[in-house]
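Data first, discussion second: the structure below is written as structure tokens.
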Amino acid sequence: MTVRRIIANIDTRDIAAARAFYGDVLGLDLLMDHGWIATYGSGATMAVQLSFAEQGGSGTPTPDLSIEVDDIDAALEGMEAAGFRIEYGPVDEPWGVRRFYVRDPFGKLVNILAHR
């Protein structure tokens, strides 16, 4: 048996609110929309990972999601321009990433990161 993909399901009563954060700012494509569920993603091949943590590193809370980007400064600029409040960072962490925390429209703590 092989795991083919992993999907994060975020409970919400306002599915359209995902577009500004995940579509407009992060640039993910709307892959599926059935009205009661909207799935955002990318056609790029990505590693399958699940992380289990007692904390988020550097004494921060454990984020609900971590999203690796190729340009952390562009991601930060996009989040701020869209009015999303940065809760931590940006900071260069000792394990080799630059990152910041932001809450999505559903209150999920999202770790946006790029490897240095």
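Quick notes on this structure:
- Within the assembled protein chains, the solvent-accessible surface assigned to L31 is about 110 Å², based on a 1.4 Å probe.
- Net length gained if the chain between R5 and F106 were fully extended (0.36 nm per residue, minus Cα distance): 34.1 nm
- Solvent-accessible area, 1.4 Å probe, carbon plus sulfur percent, for region 19-92: 48
- Whole-number percent relative contact order across region 1-114, with pairs defined as alpha carbons under 8 Å at least 6 apart: 23
- Ordering S58, Y101, Y88 by the projection of their Cα atoms onto the charge dipole of region 27-116, which places +1 on the Cβ of Lys and Arg and -1 on the Cβ of Asp and Glu, puts S58 at the extreme positive end.
- Between M32 and M46, the simple label model (points 7 Å from Cα in the Cβ direction) yields a spacing of 1.5 nm.
- In the assembled protein chains, D73 presents an accessible area of approximately 90 Å² (probe radius 1.4 Å).
- Against the rule of thumb 2.2 N^0.38 Å, how large the Cα Rg of the chain comes out: 1.08
- Applying a DSSP loop filter and a limit of 11 other Cβ atoms within 10 Å to the trypsin sites (Lys or Arg not before Pro) in region 1-75 leaves R4, R5, R13.
- Per residue, the chain exposes an accessible area of 69 Å² to a 1.4 Å probe, with every protein chain left in place.
- If only the Cβ of Lys and Arg carry +1 and only the Cβ of Asp and Glu carry -1, the dipole of region 19-116 around its Cα centre is close to 180 debye.
- Note, ³J(HN,Hα) from phi for region 94-104, Karplus 6.51, -1.76, 1.60, rounded to Hz, x at Gly and Pro: x, 8, x, 10, 10, 8, 8, 10, 8, 9, 6
The values are calculated or read from the model by the stated rules, or taken from the named source; none is laboratory data. Here the structure is a predicted model, which is why all the values come from computation and not from measurement. Here Cβ is always computed from backbone atoms with ideal geometry, including for glycine, and neighbour counts include all displayed protein chains. Heavy atoms of the whole protein, side chains included, go into the accessibility calculation; ligands, DNA and RNA do not. Shrake-Rupley method; radii C 1.70, N 1.55, O 1.52, S 1.80 Å.
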